[in-house]
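The values are calculated or read from the model by the stated rules, or taken from the named source; none is laboratory data. Not measured: the values here are computed from a predicted model. So basically every Cβ, Gly included, is an ideal-geometry build from the backbone, and we count neighbours across all protein chains shown. Only protein heavy atoms, including side chains, enter the accessible area calculation; ligands, DNA and RNA are left aside. Shrake-Rupley method; radii C 1.70, N 1.55, O 1.52, S 1.80 Å.
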Amino acid sequence: QVQLVESGGGLVQPGGSLRLSCAASGITFSIYAMGWYRQAPGKSRELVATISSGGSIDYADSVKGRFTISRDNAKNTVYLQMNSLKPEDTAVYYCNARIGSWERWGQGTQVTVSS
C-alpha cells in the first residue's frame, strides 16, 4: 500500500522558516519524481517544486530563491525548506509521487504565515 505522509506544517510569522517532510512507503522511492504542491483557500492547486529521480529540480517563480526541495533516497523522504515566508505562502501543502501516468498524493499539511 502506497502512503505519502507529510509533516512539518504550522503557524509561522512572516519572514520565518519551516521545513516540510514527506515520508513515502510502498514504492521504490528512488525511481519516482517527487513534488510539492499547494492549495490556498478558493484557489486551485499549484506546483511549488519538483525533483526528478535523477535530481533535476524545478520551482514555481513565486518561490525561487526562498524554497529548496531535496530528497533522501535512503530515508524515502522528500523535503521542502521554506525560508522568508510570506502571507501569500499560506496554503495546504501536498506531497506528490509520480512515474509515467501514475501518481499519488499525500493528505496535506497546513502552512499558515501570519503575524
#### Entry: Which numbered condition residue 24 fails, given (1) open to solvent by less than 20 Å² (accessible area, probe 1.4 Å); (2) in contact with a Lys or Arg (Cβ under 8 Å, 6 or more places away or on another chain)
(2)
### Message
With the structure loaded, tell me whether residue 32 is aromatic (Phe, Trp, Tyr), closer than 19 Å to residue 107 by Cβ and in contact with a strand residue (DSSP E or B) (Cβ under 7 Å, 6 or more places away or on another chain) or whether it fails that test.
### Response
yes
### Query
Under the condition of being out of contact with any Leu (no Cβ under 9 Å at 6 or more places or on another chain) and of a type in the set (Gly, Ala, Ser), which residue from segment 80-112 is surrounded by the most Cβ atoms within 10 Å (Cβ to Cβ)?
91
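What residue, of 40, 74, is at pLDDT 95 or above, aliphatic (A, V, I, L, M) and farther than 23 Å from residue 113 by Cβ?
Step by step, each of 40, 74 is checked, and only 74 is at pLDDT 95 or above, aliphatic (A, V, I, L, M) and farther than 23 Å from residue 113 by Cβ.
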### Message
Considering only residues that are open to solvent by 30 Å² or more (accessible area, probe 1.4 Å) and assigned to a loop (DSSP other than H, G, I, E, B), which ones fall in segment 33-49?
### Response
41, 42, 43, 44, 45
### Summary
Scanning segment 50-79 residue by residue, those open to solvent by less than 30 Å² (accessible area, probe 1.4 Å) and among the aliphatic types (A, V, I, L, M) turn out to be 51, 60, 63, 69, 78
